[in-house]
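Just so it is clear, none of the values below were taken in a lab; they were calculated from the coordinates. Given the structure is predicted, the values throughout are model-derived calculations rather than measurements. Neighbour counts run over all protein chains shown; Cβ positions are idealised from the backbone, glycine included.
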């Protein structure tokens, strides 16, 4: 596979469930990102990892827990979510979040519905 | 705070015609990057074009070009010879330096419809 992949593509969960979103990049990048995309709103940056180190937590509620075991994989662990958390969750990667020419490449997203 | 504004929620263009999508941004920085991303109905966000603020020359990628007006803080995307496959959401993004790392700020997007 090439580029940035995300699984699952669709997820429906109850408010008491625990689930995880997975992102994998095959581009040799060192930075990975989680975004939340809601209708008619700008993409909201959630977390940034650069060389496996979390460099950004954009005031995200603790019911979202990221994990970056290596530069190629990024997870988003979900626990006791709210219906307003329903959205498209996009993963992105880039060469180096501190690099001057850094450019992000996105995965297809996971459509999350919280019942 | 930096903001990115796309004032056109939706645009339509006839196939083979030219369309321009607008984007304005607010910043006090002098060195930054600007991007246009395309998100087709399949949802994978694709980089269309990138502009470095310190370069006066407008970026071009095949049928896609930008009109970068740094003083006016304007960054419009022109699509020439529009094709049905150009139908998508287009997002303008600004990348700024934030304490040694970069933050990407996106607009709300413009939905482009291409009419056959």
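Quick notes on this structure:
- Neighbouring partner chain Cβ atoms per residue of A:12-24, average, 10 Å criterion: 0
- Semi-axes of the equivalent ellipsoid for the stretch B:47-115, computed as √(5λ) from the eigenvalues of its C-alpha gyration tensor and ordered from largest down, come to 24, 15, 10 Å.
- Between residue A:82 and residue B:55, the modelled label-to-label distance comes to 4.3 nm, taking each label 7 Å out from Cα in the direction of the beta carbon.
- Residue A:7/residue B:81 FRET efficiency (R0 41 Å; Cβ-Cβ; nearest 0.05): 0.65
- Based on C-alpha pairs under 8 angstrom that are at least 6 apart in sequence, chain A has a relative contact order of 36 percent.
- Relative to its Kirkwood radius, the Cα radius of gyration of the protein assembly as shown gives an Rg/Rh of 0.97.
- Alpha carbon convex hull of chain A, volume per residue in cubic angstrom: 97
- Peptide B:102-110 has a mean of 6 when you count, residue by residue, the C-beta atoms of other protein chains within 10 Å of its C-beta.
- For the pair the stretch A:55-115 and the stretch B:3-58, the centres of their Cα atoms are 23 angstrom apart.
- Antiparallel bridges, percent of DSSP beta bridges restricted to chain A (to nearest 5): 90
- Spread of Cα-to-Cα distances over 5 Å intervals beginning at zero, given as percent, for the stretch A:57-115: 4, 14, 21, 26, 18, 10, 5, 2, 0
- Stokes-Einstein diffusion coefficient of chain B, Kirkwood radius over Cα pairs, 4 °C, 1.567 mPa s, in µm²/s: 90
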